[in-house]
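Inspection log for the structure reproduced underneath, given as C-alpha cells.
The values are calculated or read from the model by the stated rules, or taken from the named source; none is laboratory data. All of these numbers come straight from a predicted model, not from anything done at the bench. Every residue, glycine among them, receives a Cβ derived from its backbone with ideal geometry; neighbour counts consider all protein chains shown.
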C-alpha cells in the first residue's frame with residue numbers, strides 16, 4: 001500500500017492503531033473480574049473445567065484456560081439464614097433457574113421472587129456469562145449442563161426442578177438427559193429445542209449465520225478501541241461462542257427420551273423462538289403440558305407473576321405425584337409423538353429473526369445479487385421465508401448496491417476500477433463499452449442490463465461516470481430491480497419446490513436443497529438462457545474450448561504442477577526463493593513490479609541500434625509536462641506515429657497502447673483513470689514486423705549462454721468473406737472464438753463492419769497471449785548467428801543471466817541472420833511462450849516451463865553462493881500487495 005496513493009488512510013490509520021494498542025494494553029493490565037464478592041444469598045462456587053463430553057482434557061487442548069471455573073449463583077427462598085425451617089418447606093424440592101443467551105441470572109429475578117415464596121430458587125450465572133468465569137474451552141449447552149450438575153453436587157442438592165429460559169432451555173433439556181434420576185421436572189420457558197425450528201431450520205445454514213455473528217461481535221470487541229467498556233457487554237464474544245459451540249440436532253432425541261413431567265410455557269407472539277417450536281416439543285414429549293401466554297419472548301420480564309404461579313402449581317403436582325409422566329400419556333399423544341417430523345410444518349421466519357435474516361440478505365446482495373436471489377427463492381420454496389419478505393430484502397439490497405455503483409462512478413470515476421473490490425469484478429474496457437451503449441440507448445439500457453449476464457455492473461458504473469441525473473437514474477434502478485428480482489426469486493422457488501417434491505432426500509436437508517437449487521437456477525440463467533441465442537451459443541463454445549485446451553487455462557490452474565516442482569527445486573537448492581538471485585542487476589530478478597524503463601537503460605549500452613528508442617515519463621509529472629516530454633522525444637529521435645505507450649510496471653500486455661496520432665497520445669497522457677496513470681510511462685518507437693520471444697539463460701560459471709526457447713507470435717486475425725460482420729467472423733473462427741470475450745471488446749467499434757472477401761483483418765496489435773496472440777514453437781528459426789548475437793547482447797549486461805527478450809524482425813530470415821529490434825527484456829517470471837503452442841500437449845508444456853524453472857533455481861543458487869542477495873518471503877509478499885492497490 002503506497003502512502004502516496006493513500007495519504008488520508010495513513011493519516012487516520014496510525015492514530016487508530018495507537019488507540020487500539022492502548023485499549024488492549026489497558027484491558028490486559030486491568031484484567032476482568034470473573035466474579036464479585038459474595039453476600040448473604042450470593043455464592044461463588046469453584047468447579048473443575050468441563051466440555052460437552054466430560055471433564056476437560058488439557059492434554060488434547062493446550063489453550064490458556066484457568067485451572068477451575070467460578071460460578072456465581074444467587075439463592076432465594078424460605079431458607080433464610082438462621083430461620084427455623086418447617087418440615088413442609090424441607091419437603092419442597094429446590095428450583096434451578098437457567099437464563100438465556102445473551103443473559104445473566106438477574107433476568108430471572110422476577111420468576112425467583114414468585115417461586116421463592118414456597119421453594120428455594122437458585123439462579124446461577126452460567127459459565128461465560130454474568131460474573132462467572134468467562135474464558136472457557138466449551139460454551140455449549142451440553143458443557144453448561146455438566147457445570148449445573150457439578151454445581152448441584154457441590155451444594156449437596158440431590159433432586160431438583162429445572163427451568164430453562166430461551167437458550168437456557170437447551171441446558172435444561174441436556175441436564176435432564178444427563179441425570180434423569182435427579183431432575184424431578186423440566187420447565188421450558190420460551191425455550192429453544194429441535195433444530196428444525198431454530199432460525200433457518202438447518203444446522204449448517206444456522207451455523208453459517210452464527211459464525212457471521214461471531215465475526216461481527218469479535219471484530220467489535222477486538223478491533224475497536226473500547227478500553228474495556230465492552231468486556232461486560234451483553235452481546236459478548238462468549239455469547240456468540242455459545243451458539244457456535246451448540247449443536248441443537250441432539251435435542252430432539254433428548255426430548256423424545258425424557259420420561260418425567262414437563263411444562264412448556266411459550267408466548268403466542270414470540271419473535272425469537274417460534275411458537276411452532278413449542279407445539280413440536282409438546283408433540284414429541286407426549287406427557288408435556290403447554291401453556292400459552294399473550295406476550296412475546298420475554299415472559300420472565302413481562303409475565304413473571306403469571307408464569308411463576310403456573311410453574312409453582314405444576315411443581316406442587318410433580319411433588320404430589322399427580323403430574324403426568326410418559327407412562328401416563330394417552331395413546332393418541334404417544335402415537336402423535338412417533339410420527340416423523342413434517343418439514344412442511346416449519347413456519348416462515350418472522351419477527352426479530354426475519355429482521356436479522358433480512359439484514360443478511362441485504363448484505364449478501366452486495367456480494368452476489370443473482371446468487372442471493374436464487375438462495376432466497378430456494379428458502380421461499382421451502383417455506384422458510386415469505387415471498388414478499390424475501391423479495392423486499394433482495395430489492396433493498398440490490399437497490400443499495402446499484403446506488404453504490406452509480407456513486408462510485410460519479411465520485412471516484414475510472415480510478416475506482418483499479419482499486420479493490422471493483423478491480424476484481426470490472427474492467428475499464430467493459431465500462432467504456434457500456435458508456436457508449438448508455439449514451440446511445442439511455443434509460444432503456446438499465447432494464448436490458450438486468451437481463452443480460454455481465455452487463456449490469458459496467459452499465460451502472462458507467463451511468464455514474466457520465467454524470468447522469470441521480471434522481472432520474474435512481475428511479476430507473478428501482479424499477480429495474482422491482483421487475484427482475486421477483487422473477488428470479490419466484491423461478492428459483494418453483495424449481496426448489498419441484499425438486500423437493502421429486503427428491504425425498506431434499507425434503508429433510510435444507511442445505512442440500514439450497515445447493516441443488518442454486519446449481520439448477522445458476523445453470524438455467526448462466527447456461528441455458530445464453531445458448532438460446534446464436535451469439536450465446538458461440539460464446540459458450542468458446543468457453544468450452546478455453547477449458548478444453550490448456551493453452552487458455554487460468555494461470556492458477558496451469559501452474560499447480562509447476563508450483564509443486566518449484567517446491568522440489570527449492571528443497572534441492574536449500575533456498576525457497578533462490579530464483580530471486582538469478583538476475584542481480586534487476587530487483588528481485590524480475591519476479592514482479594520491476595521497472596521496464598530501468599531494464600531498458602541496462603540494455604542501452606550493449607544493444608545499440610537493436611534497442612528501440614524509448615523515453616520514461618514520470619507518473620508524478622503533470623499532464624502538460626508529460627505531453628511536452630513526449631513531443632521532445634519524438635522530435636529528437638525523428639519519429640512519427642504510430643508510437644507505443646505502456647506502463648513502466650506491468651505484465652501480460654496490460655495497459656499497452658499503440659497510438660496512431662497526436663490526439664490519441666494527448667488523450668492517453670491526460671487520462672488520469674487509465675491503467676498507466678497509476679505510475680510512470682514508457683513511450684517507445686513503434687516497430688513493424690513479426691514479433692518473437694527469445695528466452696536466454698546463462699550459468700554464472702560459463703562464458704556463453706543458451707537460447708533456451710524461441711517463440712513465434714502471430715497476432716489474432718480473421719479473413720473477410722464479404723457477407724458476415726466482424727463479430728460473426730470472430731465468433732465462427734475456430735481459434736478466435738476461444739478468446740471472443742476479449743476480441744469482441746477490443747474491436748467493439750467495428751463489430752458491425754463487413755470485411756471484403758479475402759481481406760485479412762488484424763484483431764489486435766499487442767504480442768501477448770492473453771490478448772489473442774497465437775504462440776508457437778520457432779525452433780526451426782535457430783541459427784548460430786542468431787545465438788551469437790543474442791549471447792553478445794545478454795553477456796554485456798552486467799548482472800543479467802536469465803530472461804526473455806521480446807523482439808521484432810522484418811521476417812523469419814532476418815531473425816535467422818541475427819537482425820532484430822528489442823521491444824523489452826523480461827525477468828525471471830517471464831515464460832517460454834512455446835509452451836502454449838496450440839499443437840502441443842499439456843505434458844510437453846509443463847516440461848518446458850519446469851525446465852525453465854530448473855535453470856532459474858540453478859542460476860539463482862550459484863549467484864547466491866557468489867554473494868548475490870536472495871529476496872525474503874515477506875519482502876515479495878509486500879511487493880505483491882503494493883503492486884495491486
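General observations
- Per the conditions (1) outside any helix (DSSP H, G or I); (2) within 18 Å of residue 192 (Cα to Cα); (3) outside the structural domain of residue 191 (by TED's automatic domain parsing), the sole criterion not satisfied by residue 295 is (3).
- Being part of a loop (DSSP other than H, G, I, E, B) and in contact with a strand residue (DSSP E or B) (Cβ under 8 Å, 6 or more places away or on another chain) is a condition met by at least one residue of the range 592-612.
- Failed item, numbered, when residue 757 is tested on (1) touching a strand residue (DSSP E or B) at 6+ places or on another chain (Cβ under 9 Å); (2) within 22 Å of residue 687 (Cα to Cα): (2)
- Leading residue by the ranking (farthest from residue 768 (Cα to Cα)) among those in the range 638-649 that are out of contact with any strand residue (DSSP E or B) (no Cβ under 6 Å at 6 or more places or on another chain) and surrounded by fewer than 19 Cβ atoms within 10 Å (Cβ to Cβ): 638
- Meets criteria (at pLDDT below 95 and closer than 22 Å to residue 184 by Cβ) for residue 299: yes
- In this structure, residue 83 does not qualify as at pLDDT below 95, assigned by TED's automatic domain parsing to the domain that holds residue 153, within 45 Å of the chain's Cα centre (by Cα) and surrounded by fewer than 22 Cβ atoms within 10 Å (Cβ to Cβ).
One line per residue, one yes/no per condition, for (1) surrounded by fewer than 17 Cβ atoms within 10 Å (Cβ to Cβ); (2) farther than 21 Å from residue 821 by Cβ; (3) over 37 Å from the mean Cα position of the chain (by Cα):
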| residue | (1), (2), (3) |
| --- | --- |
| 593 | no, yes, no |
| 605 | yes, no, yes |
| 608 | yes, no, yes |
| 622 | yes, yes, yes |
| 628 | yes, yes, yes |
| 633 | no, no, yes |
| 636 | yes, no, yes |
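- Here is the figure for the range 133-150: residues that are assigned to a helix (DSSP H, G or I), in contact with a strand residue (DSSP E or B) (Cβ under 7 Å, 6 or more places away or on another chain) and buried (at least 20 other Cβ atoms within 10 Å of the Cβ) total 4.
- Taken together, 296, 260, 201 contain a single residue that is under 29 Å from residue 358 (Cβ atoms) and touching a strand residue (DSSP E or B) at 6+ places or on another chain (Cβ under 7 Å), which is 296.
- The residues listed here are 329, 320; of these, the one that is surrounded by fewer than 17 Cβ atoms within 10 Å (Cβ to Cβ), assigned by TED's automatic domain parsing to the domain that holds residue 260 and farther than 18 Å from residue 169 by Cβ is 320.
- Options 519, 478: the member that is assigned to a helix (DSSP H, G or I), surrounded by 13 or more Cβ atoms within 10 Å (Cβ to Cβ) and either out of contact with any strand residue (DSSP E or B) (no Cβ under 8 Å at 6 or more places or on another chain) or modelled with pLDDT of 65 or more (or both): 478
- Search result, residues across the range 768-787 that are within 11 Å of residue 714 (Cα to Cα) and assigned to a loop (DSSP other than H, G, I, E, B): 768, 772, 773
- Test for residue 795: is it more than 21 Å from residue 856 (Cα to Cα) and surrounded by 14 or more Cβ atoms within 10 Å (Cβ to Cβ): no
Here's the yes/no breakdown for (1) under 38 Å from the mean Cα position of the chain (by Cα); (2) surrounded by 24 or more Cβ atoms within 10 Å (Cβ to Cβ):
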| site | (1), (2) |
| --- | --- |
| 176 | no, yes |
| 190 | yes, yes |
| 195 | yes, no |
| 201 | yes, no |
